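The values are calculated or read from the model by the stated rules, or taken from the named source; none is laboratory data. Every value quoted in this text rests on a predicted model; they were computed, and no experiment measured them. Here the Cβ positions follow ideal geometry from the backbone for every residue, glycine too, while neighbour counts run over all protein chains shown. Heads up: the accessible areas ignore ligands, DNA and RNA and are worked out on the full protein's heavy atoms, side chains in. Shrake-Rupley method; radii C 1.70, N 1.55, O 1.52, S 1.80 Å.
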Amino acid sequence: MARATLDPDKLPKHFDSAEAERRWDAHWQQLGVYHYDPSRPRAETWVVDTPPPTTSGTLHIGHVFSYTQTDIVTRYQRMRGKSVYYPMGWDDNGVPTERRTQNLFHVRCNPELPRDPSLALEPANAKQKSNPPRVISRPDFIDLCARVTAEDEKAFLALWRRVGLSVDWRTEYATIDERSRRMAQLSFWDLFQKGHVYQSDAPFMWDVDFQMAVAQAEVEDKLRPGAYHDLEFAVEGGGAFTISTTRPELLGACVGVTAHPSDTRHQGLFGKRAITPLFRAPVPIFASEKADPEKGTGILMVCTFGDQADVEWWRDHKLALRQVLGKNGRMAPVTFGSEAFPSLDADAANRAYAEISGRNLKQARTRIVELLRDPAASATGNGAPLVREPQPIEHAVKFYEKGDSPLEFLPTRQWFVRLLDKKEALLAKGAEIQWHPEHMRKRYEDWTRNLAFDWCISRQRYFGVPIPVWYPLDAAGLPDYSRTIVADPNRLPIDPMTDAPVGYQESQRGQPNGFSGEADVFDTWFTSSLTPQIASRWRLEPERHARLFPADLRAQAHDIIRTWAFYTIAKALLHENSVPWRQIAISGWILDPDRKKMSKSIGNVVTPIEPIEKFGADAIRYWSGSARLGADTALDENVFKVGKRLVTKLFNASKFALAQSAEPGPISTELDRAFVGELRELVAHCSAAYEKLDYARALELTESFFWKRFTDTYLELAKARARCESDAAGRASAVTTLRLALSVLVRLFAPVLPYISEEIWSWAFADEIGRASVHAAAWPGAADFSGIAAPADAASFDAAVACFLAINKAKADANVSAGRETLRLALAAAPATRARLAPVMSDVLLAARCAEHTLAEDATLELGTIAIRDALFAERAVEA
RNA sequence: AGACACGUAGCUCAGUUGGUUAGAGCGCCGCCUUGACAUGGCGGAGGUCGGCGGUUCGAGCCCGCCCGUGUCUACCA
C-alpha cells in the first residue's frame with residue numbers, strides 16, 4: 001500500500017494515561033512547543049495574564065478546574081497560529097509564608113538588623129524551639145521564606161505539568177523574586193512621581209493580632225454576638241441621659257456625645273457638656289444628622305475609635321484624640337487628669353483605669369461592666385451607671401479576612417494610593433474590558449462605586465517587597481516624613497533597611513541629621529497587581545512591553561474581582577492610562593456535593609492527584625472543559641468517568657480508522673462528501689465558539705459529533721467499503737475520509753484532551769503534516785477541505801444515517817444484534833427522501849449486511865422518515 | 001437590607017436572536033456479544049422547565065410579583 005497504515009497490533013491494547021502523561025510532557029518540554037516567540041508582531045501574539053497561586057498549602061481540584069479552562073482557550077489560540085505568552089508565577093510573598101517560616105526555622109525578623117553573611121540555618125528541632133527564637137535581618141528572612149516556598153513551588157509545578165498546562169516554563173517567576181521586587185518598587189516610584197501615593201498618620205483599620213494595617217478589600221464582615229450596654233451620663237449643670245454602646249471598654253476614650261438634631265428627646269442637650277460615668281470626663285454634646293434616632297437610645301457616645309462613624313465624627317467635629325487602645329490590642333497606660341485625658345475626679349478615674357490597663361479588649365470589657373454596676377461610678381448620683389442588664393444582639397463586625405480579632409481603628413502612619421478621586425476613570429477602564437461572563441462586570445462596578453477608602457499599601461510585615469523610601473532625620477534624630485527620599489529607579493530593587501540612600505553613608509543610619517529606612521513592606525496585591533507588567537518588563541524593556549501589554553486575557557475567579565482585577569486595572573490606569581488586558585475570563589467555583597465552596601478552611605477539599613491517577617489528566621480536563629465560565633459547579637465524579645470513556649473511545653476508534661488502508665485517492669462518493677460537509681460545518685461552529693471563549697460549547701459540539709456522526713454512524717457506514725477489494729475508488733475515498741475526519745477531530749479535541757490527541761496524532765499525522773506535535777499544528781480550517789467536491793445533496797449523509805439507524809432499530813426490536821445479516825428488507829420513503837437515499841444506499845446496505853431490498857415511494861411519509869415495511873434477519877450470525 | 005446569578009428528568013448539566021410532540025450524559029429497566037471498542041451497541045421509562053400573573057398567533061426563553069439557593073456589597077452607637 002502506498003499510504004502508510006497503522007498496524008493496530010503494534011499499539012498497546014489500552015491507553016495508559018499515566019505513562020502517556022509522562023512521555024508527552026517530556027516531549028513537549030524538549031521540543032519547546034509552548035515557547036513564546038518574541039520575534040512575532042503583537043497582532044500575532046496571544047498574551048494571557050495568569051493568577052500566581054499562593055504557595056502556602058496545597059492546590060485542590062478547584063484550582064485544576066479554573067487553570068485548565070485558561071489552558072484550553074490558550075491552546076486554541078496557539079493552534080490558530082498565535083505566538084503565545086503563557087507565564088506562571090508563584091505568589092509566595094505574604095503573611096501565611098511568613099508564619100510558616102517563623103515556625104519552621106524558629107526565627108523572628110528584625111528589619112533593623114544588617115544581613116548576616118555567615119547565617120546558615122536549618123529547620124529547628126524541638127529542643128531549639130524551647131529557646132527564644134533567633135532574630136535575623138529582613139534579607140536573611142526573605143531568603144528563608146524563599147526556601148520554604150521553593151518546595152511548594154516544585155509540587156505545584158509538577159501538578160501543572162501533569163495536568164498539561166501549556167505554560168512556557170521559562171517564564172516562571174515568584175512575586176518575591178528580584179524582578180518582581182524591582183517591578184513593584186518601580187511602580188511605587190512612578191506613582192510617587194505622579195503624585196498618586198501619599199502618607200497619612202490617621203486612624204485606619206488595624207488588626208491587633210497581626211499588628212498591621214489592612215486595606216478595605218481585605219476586610220470582611222462577620223456576624224458576632226454583642227450587647228447593648230445602657231450607661232447613664234450626667235449633664236454639666238444638672239440632668240442626665242442614657243446612651244447605648246456595644247463598646248463599654250472604650251468609655252475612657254469617649255470624646256463626645258451626639259444625637260440627631262431633630263430628636264426632641266435630646267434637644268436641650270446640644271451645646272452642653274456631658275460627664276462620663278466612671279472617668280468623669282467632660283465631653284461636648286453636639287447634633288449630627290448621622291445619628292440614628294431609632295438605634296439604641298438615639299443618643300450615643302463618640303470614642304476614639306469604636307468604628308468608622310467615630311472616625312468621621314472625630315474628624316468633622318474636631319474632637320480630642322484619646323487613644324486608650326494600644327496597637328497590640330491591649331489597654332494602653334494613660335493618666336487621667338492630664339491635658340489629654342481630663343477628668344473631674346482624676347483619682348477615681350485612675351483607680352478605675354488601673355483595673356483595665358494592660359488588659360485585652362475582652363477582659364477590659366468584662367471588668368469595666370463590673371465597675372459600671374457600682375453606684376459609686378455614677379456621674380449623676382442616681383445609682384449604678386449601667387442602668388439595665390446588657391441586651392444581647394448580633395451585629396456585623398469588620399475582620400481582616402485572615403484574622404481572628406475584630407479590626408480596630410488606630411492612628412498609624414501608612415502609605416496610600418489615591419483612588420477615591422479616580423472612580424470615574426476606573427469605571428471607564430472597566431467598561432473598555434470585555435468581561436466573560438458579562439454580568440461579572442457589575443461586581444467590579446459595584447465595588448468601585450462603593451469604595452470608601454484609598455488603597456492602604458503599607459504593611460507592618462517582613463516577607464514582602466520593601467517600600468523603597470528613606471526619611472531624613474533632624475538634629476534630634478527624629479524622621480521628617482514630609483521629605484521622603486525615594487530610591488533611584490535605576491538602583492532597584494533595594495531594601496531601605498540595609499541599603500543607604502544616595503548622598504548618605506550607611507554609618508548615618510539612625511544618627512541625628514542622618515536617615516532612617518522605611519521598615520514597612522507592600523501589601524502583596526501591590527505586587528500581584530503588576531502581573532501584566534512583570535511579564536512585559538514595563539520600563540525595563542520598552543519593545544517587549546509594547547508587544548506584550550496590554551495582555552489579551554486575564555483569567556481569575558470571581559471572589560478576587562475586588563482585589564486582583566480591581567488593583568490591576570487601577571495600576572494600568574495610573575501608570576499608563578491603559579487597560580491591563582482586553583478581556584477577562586472569570587471562572588466559577590467548585591462546590592462539594594453539598595454545594596459548599598471547596599476551601600481548605602471548610603475541610604472539604606479534594607486533592608487532584610488521585611482523580612488524575614484514576615481517570616487520567618485528559619478526563620479531569622474534560623470535566624473542566626465541560627463547565628461554562630463563571631458557573632459554580634458541583635463536583636461530580638461521574639463527569640470524570642464520562643471523560644475517561646471519551647478518551648478510550650478516541651483511542652479505539654482512531655486505532656481502527658487508521659488501520660484501514662488503500663491506494664491514495666480523492667474523496668469521491670456522495671456519502672463521504674456529505675459527511676465531510678458536516679465535518680466542515682462542525683469546524684466552523686467550534687471556531688466561532690472558541691472566539692467567544694466558549695470552549696464548553698465547542699467541546700460539546702465536537703464530542704457529540706464524534707460520537708453520533710462519526711463512531712456510531714459514519715464509521716459504521718464506511719468501514720465495509722474501506723475494506724472492499726472490488727471498489728478501489730470507493731475504498732480510497734473511504735480511507736481518505738476516515739483519515740481526514742480523524743485529523744480534524746483530533747485537532748478539535750486537542751485543546752481539551754492534549755494527551756490522547758497527541759498520542760493519536762503521533763500515530764499518523766505528525767510526520768505527514770510536518771509538525772511534531774498536534775499542539776503546534778494548525779487549527780482545522782479551509783485548508784483541510786480544499787479540493788474536496790461538495791456533495792450533490794448536503795442532507796444525503798443524514799438520510800443514510802436515518803436509514804441505517806432504522807434498520808438497526810428493527811434488529812433491536814427483533815432482539816438480534818446489529819451485526820446480523822439482513823435477509824429481506826422492504827423500505828418506504830417519501831419521493832424526495834428516496835431520491836436522496838439513492839446515491840448512498842449501497843453504503844447503507846453494506847453496513848446493514850443486506851443483499852436485497854426494495855425501496856417504495858410513499859408520499860404520505862414525512863420528509864426524512866424511512867419506514868420499514870418488512871424485514872427478516874438471519875437466525876444466527878454467519879461464521880467468520 | 002440592596003445588587004447579581006441561578007432554580008429544566010433521581011443526579012450533573014445543555015437549551016444560541018421566543019417557533020413543531022423540551023435535550024445530553026450518568027443512574028434505572030429491557031434487549032444485543034466472533035466483526036475497532038462491554039471503558040461497547042440498541043431500545044424504554046422518567047419533566048405541569050420553582051410558583052402566580054402578563055405580553056404574544058405562539059413563552060423554558062421576554063415583562064411583573066412571589067418563593068428558594070448561592071455570591072457580592074452594606075450593616076460595630
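State whether the residues of the range A:780-796 include one that is open to solvent by less than 10 Å² (accessible area, probe 1.4 Å) and of a type in the set (A, V, I, L, M).
Kept after step one, since they are open to solvent by less than 10 Å² (accessible area, probe 1.4 Å), are these residues of the range A:780-796: A:780, A:785, A:796.
Checking the rest, the ones that are also of a type in the set (A, V, I, L, M) come to none.
Looking for residues that are open to solvent by less than 10 Å² (accessible area, probe 1.4 Å) and of a type in the set (A, V, I, L, M), one finds none in the range A:780-796, hence no.
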A:Met331 fails exactly one of (1) touching a helix residue (DSSP H, G or I) at 6+ places or on another chain (Cβ under 8 Å); (2) within 9 Å of RNA strand B (Cβ to nearest atom); (3) open to solvent by less than 50 Å² (accessible area, probe 1.4 Å), namely (2)
Filter pass, A:Thr860 being surrounded by 19 or more Cβ atoms within 10 Å (Cβ to Cβ), within 16 Å of RNA strand B (Cβ to nearest atom) and either at pLDDT below 90 or not in a helix (DSSP H, G or I) (or both):
no
Filter the range A:197-221 down to the residues that are among the acidic types (Asp, Glu) and outside any strand (DSSP E or B), then identify the one that is nearest to RNA strand B (Cβ to nearest atom).
A:Glu218
Scan the range A:633-667 residue by residue and report those that are open to solvent by 50 Å² or more (accessible area, probe 1.4 Å), at pLDDT below 90 and out of contact with any Lys or Arg (no Cβ under 8 Å at 6 or more places or on another chain).
A:Asp636, A:Glu637, A:Asn638
Would you be able to say whether some residue in the range A:705-713 is free of Cβ contacts under 8 Å to residues at least 12 places away in the same chain and either open to solvent by 20 Å² or more (accessible area, probe 1.4 Å) or closer than 13 Å to A:Asp843 by Cβ (or both)?
yes
Could you say which residue among A:Tyr471, A:Tyr444, A:Tyr504 is surrounded by fewer than 22 Cβ atoms within 10 Å (Cβ to Cβ) and not in a loop (DSSP other than H, G, I, E, B)?
A:Tyr471
Per the filter on the range A:412-436, residues touching a Leu at 6+ places or on another chain (Cβ under 7 Å), of a type outside the set (D, E, K, R) and open to solvent by 30 Å² or more (accessible area, probe 1.4 Å) are A:Leu420, A:Ala425
Which number in (1) modelled with pLDDT of 90 or more; (2) within 30 Å of A:Leu846 (Cβ to Cβ); (3) part of a loop (DSSP other than H, G, I, E, B) marks the one condition that A:Leu629 misses?
(2)
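Given the criteria of a type in the set (A, V, I, L, M), surrounded by 19 or more Cβ atoms within 10 Å (Cβ to Cβ) and farther than 20 Å from A:Ser587 by Cβ, does A:Leu629 qualify?
Values: of a type in the set (A, V, I, L, M): yes; surrounded by 19 or more Cβ atoms within 10 Å (Cβ to Cβ): yes; farther than 20 Å from A:Ser587 by Cβ: no.
So A:Leu629 fails the test.
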Just to be sure before I move on: is A:Val369 touching a residue at least 12 places away in the same chain (Cβ under 8 Å), open to solvent by 50 Å² or more (accessible area, probe 1.4 Å) and within 16 Å of A:Thr276 (Cα to Cα) in the structure I sent?
no
Being open to solvent by less than 20 Å² (accessible area, probe 1.4 Å) and of a type in the set (Gly, Ala, Ser) is the filter here; which residues of the range A:817-846 pass it?
A:Ala828, A:Ala829, A:Ala830
Taking the residues in the range A:759-772 that are surrounded by fewer than 24 Cβ atoms within 10 Å (Cβ to Cβ) and modelled with pLDDT of 90 or more as candidates, determine which candidate is nearest to the chain's Cα centre (by Cα).
A:Ser762
Can you report the number of residues in the range A:831-850 which are within 16 Å of RNA strand B (Cβ to nearest atom) and in contact (Cβ under 8 Å) with a residue 24 or more places away in the chain?
9
Any chance you could count how many residues in the range A:507-527 are over 21 Å from A:Ile142 (Cα atoms) and crowded, with 16+ Cβ neighbours inside 10 Å?
4
Are there any pairs, at least 6 apart or on different chains, whose C-beta atoms fall under 9 Å, with the first in the range A:294-306 and among the basic types (Lys, Arg) and the second near RNA strand B (Cβ under 6 Å from one of its atoms), and if so, which?
A:Lys295/A:Ser244
Tally time: how many residues in the range A:775-817 are away from RNA strand B (no atom under 16 Å from the Cβ), outside any helix (DSSP H, G or I) and under 20 Å from A:Glu862 (Cβ atoms)?
2
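Could you say which residue among A:Leu540, A:Leu548, A:Leu492, A:Leu530 is touching a helix residue (DSSP H, G or I) at 6+ places or on another chain (Cβ under 9 Å), surrounded by 24 or more Cβ atoms within 10 Å (Cβ to Cβ) and closer than 18 Å to A:Gln193 by Cβ? Can you show your working first?
Numbers: A:Leu540 fails: surrounded by 24 or more Cβ atoms within 10 Å (Cβ to Cβ); A:Leu548 fails: closer than 18 Å to A:Gln193 by Cβ; A:Leu492 fails: surrounded by 24 or more Cβ atoms within 10 Å (Cβ to Cβ).
Of the residues listed, the single one that is touching a helix residue (DSSP H, G or I) at 6+ places or on another chain (Cβ under 9 Å), surrounded by 24 or more Cβ atoms within 10 Å (Cβ to Cβ) and closer than 18 Å to A:Gln193 by Cβ is A:Leu530.
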Residues in the range A:91-114 that are assigned to a loop (DSSP other than H, G, I, E, B) and closer than 27 Å to A:Lys154 by Cα total 4
Quickly run through the range A:681-700 and pick out the residues that are surrounded by fewer than 19 Cβ atoms within 10 Å (Cβ to Cβ) and in a helix (DSSP H, G or I).
A:Glu681, A:Ala684, A:His685, A:Ser687, A:Ala688, A:Glu691, A:Arg697, A:Glu700
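Looking at A:Gln193, A:Gln216, A:Gln211, A:Gln267, which one is at pLDDT 95 or above and open to solvent by 10 Å² or more (accessible area, probe 1.4 Å)?
Numbers: A:Gln216 fails: at pLDDT 95 or above; A:Gln211 fails: at pLDDT 95 or above; A:Gln267 fails: at pLDDT 95 or above.
A:Gln193 is the lone residue from the list that is at pLDDT 95 or above and open to solvent by 10 Å² or more (accessible area, probe 1.4 Å).
When the range A:610-648 is examined, which residues are found to be among the β-branched types (Val, Ile, Thr), closer than 22 Å to A:Pro754 by Cα and under 20 Å from the mean Cα position of the chain (by Cα)? It would help to see each step written out before you state the result.
The initial filter retains those residues of the range A:610-648 that are among the β-branched types (Val, Ile, Thr), namely A:612, A:620, A:633, A:639, A:642, A:647-648.
From the residues that got through so far, the ones that are closer than 22 Å to A:Pro754 by Cα too are A:612, A:620, A:639, A:642, A:647-648.
Within the range A:610-648, just A:Ile620 meets the criteria.
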Checking the condition open to solvent by 20 Å² or more (accessible area, probe 1.4 Å) and away from RNA strand B (no atom under 11 Å from the Cβ), which residue from A:Arg224, A:Arg182, A:Arg247 passes?
A:Arg182
Quick one: which residue in A:Val752, A:Val744, A:Val735 is on the phi < 0 side of the Ramachandran plot, within 16 Å of RNA strand B (Cβ to nearest atom), modelled with pLDDT of 90 or more and in a helix (DSSP H, G or I)?
A:Val735
Determine, yes or no, whether A:Glu312 is of a type in the set (Asp, Glu) and either farther than 25 Å from A:Asp209 by Cα or in contact with a His (Cβ under 8 Å, 6 or more places away or on another chain) (or both).
no
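Inspect the range A:343-361 for any residue being in a helix (DSSP H, G or I), open to solvent by 20 Å² or more (accessible area, probe 1.4 Å) and within 16 Å of RNA strand B (Cβ to nearest atom) and give the result as yes or no.
From the range A:343-361, those in a helix (DSSP H, G or I) are A:346-356, A:361; that's our starting set.
Retained after the next criterion (residues that are open to solvent by 20 Å² or more (accessible area, probe 1.4 Å)): A:346-347, A:350-351, A:354-355, A:361.
Checking which are within 16 Å of RNA strand B (Cβ to nearest atom) leaves us with A:361.
Among the residues of the range A:343-361, at least one is in a helix (DSSP H, G or I), open to solvent by 20 Å² or more (accessible area, probe 1.4 Å) and within 16 Å of RNA strand B (Cβ to nearest atom), which makes the answer yes.
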How do the pairs read when you match residues in the range A:428-449 that are under 20 Å from A:Ala217 (Cβ atoms) with residues anywhere that are part of a helix (DSSP H, G or I) and open to solvent by 30 Å² or more (accessible area, probe 1.4 Å), using Cβ under 7 Å and keeping only pairs 6 or more apart or on different chains?
A:Gly430/A:Arg441; A:Gly430/A:Glu445; A:Trp435/A:Arg441; A:Trp447/A:Arg562; A:Thr448/A:Lys423; A:Arg449/A:Lys423
Within the range A:299-323, take every residue that is aromatic (Phe, Trp, Tyr) and either open to solvent by 20 Å² or more (accessible area, probe 1.4 Å) or near RNA strand B (Cβ under 9 Å from one of its atoms) (or both) and give me the one that is nearest to A:Val397 (Cα to Cα).
A:Phe305
